[in-house]
Amino acid sequence: EDIGVVAVGFSGGQCKPGVDAAPAALIESGLLTSLRDELNYKLHGDDQVHLYTDLVPKEDPPYRNMKNPKAVSSVTERIADQVYSHSKEGRLVLTLGGDHSIAIGTIAGSAKATRERLGREIAVIWVDAHADINTPETSGSGNVHGMPVAFLTGLAKEDKPEYFGWIKEEHRLSLKKLVYIGLRDVDPGEKKILREHGIKAFSMFDIDRHGIGRVVEMALAHIGNDTPIHLSFDVDALDPMWAPSTGTPVRGGLTLREGDFICESVHQTGSLVAVDLVEVNPSLAPELDHGAHETVRAGCSLVRCALGETLL
Ligand code: DIR
Ligand code: MN
Ligand code: MN
Ligand code: MN
């Protein structure tokens, strides 16, 4: 089986440096070689990490309250092309972030390719402590990593191409085909959006109540059988006990085993078309013994599970 790898060293969707170093750390710890040698995947694309420095302008003042708007827009537009090219060839696309703003590019690219290749709309399983569905207007922080879902679903729109106006209908995701798992830190404006649009979301409360097995079953049932799935996994969905080195850790999260189970279950559907792993920041939580190393290890585990390594 063929995998397209996109290694994205980009941190402009939020304010903490270091998340750009994650792809190199994941690759150095042997993630890609194990996919190649143990799972016998044929890898295409990068072992080299893209830094997209040519796309980051010198002047990039806020626009509609967004920070680094031009940089994030042009980097995600480029990522959309990279993911599209792999996906159009029928490869499963693995993107190693970077902050979660990069999902604007990965999902735009896989949505477009899947429409063209299979004539199908993709579904997205968004695993995260956060909903990342702020519009530029509801966002308190101005960080675009808190807005990708709004742009991808058309809740946020913009005409100017240099400010995400490049996102067209073929790049978008239907609100009905979106499902969240792991939420526990959702802004008031985001809660209103989730409620008003009836978006399917399984919070930590739901996981405590029903167990992870039942929650994943319900999430997959919502998506429907035989729908191409894009899994976007923010490592901060895991409890900081397992993934301390991330920009916005929130206590009370998934165990590593619960995260792995989500990934294994999605692999088992046979419908996976793309996986993102984002928000690993090896420069954070240095006060914790082996914090960065453990977080990288957790990230590798999630990806391996999504690609079927742990299933018999
Ligand atoms: C917050 C935090 N909702 C924001 N979002 C984060 O900035 O919009 N997403 N940390 O991962
Ligand atoms: Mn996120
Ligand atoms: Mn998050
Ligand atoms: Mn398999």
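Rule-based calculations on the coordinates, nothing more; no lab input. These numbers were taken from a predicted model, which means no experiment stands behind them. Glycine gets a Cβ as well: all are built from the backbone with ideal geometry, and neighbour counts include every protein chain shown.
Listed values, structure above:
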{"read-out": "Residues of segment 257-269 classified as under 17 Å from the mean Cα position of the chain (by Cα) and more than 30 Å from E121 (Cβ to Cβ), total", "value": "0"}
{"read-out": "So G98, is it under 26 Å from E258 (Cα atoms), in contact with a Leu (Cβ under 6 Å, 6 or more places away or on another chain) and more than 16 Å from ligand 4 (Cβ to nearest atom)", "value": "no"}
{"read-out": "Which numbered condition L26 misses (of (1) part of a loop (DSSP other than H, G, I, E, B); (2) surrounded by 14 or more Cβ atoms within 10 Å (Cβ to Cβ))", "value": "(1)"}
{"read-out": "Residue ID - nearest to the chain's Cα centre (by Cα), chosen from residues in segment 270-290 that are within 16 Å of ligand 1 (Cβ to nearest atom) and charged (D, E, K, R)", "value": "D276"}
{"read-out": "Condition check for T33: in contact (Cβ under 8 Å) with a residue 12 or more places away in the chain, at negative phi and not in a loop (DSSP other than H, G, I, E, B)", "value": "no"}
{"read-out": "Candidate set from segment 236-281 (those that are more than 20 Å from G308 (Cβ to Cβ) and β-branched (V, I, T)); member that is surrounded by the fewest Cβ atoms within 10 Å (Cβ to Cβ)", "value": "T255"}
{"read-out": "Unique match (being farther than 22 Å from V8 by Cα and either in contact with a strand residue (DSSP E or B) (Cβ under 7 Å, 6 or more places away or on another chain) or assigned to a loop (DSSP other than H, G, I, E, B) (or both)) among L284, L312, L220", "value": "L312"}
{"read-out": "Selected residue (criterion: nearest to A25 (Cα to Cα)) from residues of segment 215-251 that are of a type in the set (G, A, S) and touching a helix residue (DSSP H, G or I) at 6+ places or on another chain (Cβ under 6 Å)", "value": "S245"}
{"read-out": "Failed item, numbered, when I181 is tested on (1) outside any helix (DSSP H, G or I); (2) within 16 Å of ligand 3 (Cβ to nearest atom); (3) in contact with an Asp or Glu (Cβ under 7 Å, 6 or more places away or on another chain)", "value": "(3)"}
{"read-out": "Members of segment 282-307 that are within 16 Å of ligand 3 (Cβ to nearest atom), buried (at least 20 other Cβ atoms within 10 Å of the Cβ) and farther than 26 Å from V124 by Cβ", "value": "L284"}
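Yes or no, residue by residue, for (1) surrounded by 23 or more Cβ atoms within 10 Å (Cβ to Cβ); (2) in contact with an Asp or Glu (Cβ under 7 Å, 6 or more places away or on another chain); (3) closer than 19 Å to C15 by Cβ; (4) not hydrophobic (A, V, I, L, M, F, W, C):
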site: V93; (1), (2), (3), (4): yes, no, no, no
site: R115; (1), (2), (3), (4): no, yes, no, yes
site: A123; (1), (2), (3), (4): yes, no, no, no
site: D128; (1), (2), (3), (4): yes, yes, yes, yes
site: N134; (1), (2), (3), (4): yes, yes, yes, yes
site: L152; (1), (2), (3), (4): yes, no, no, no
site: D159; (1), (2), (3), (4): no, no, no, yes
site: K168; (1), (2), (3), (4): no, no, no, yes
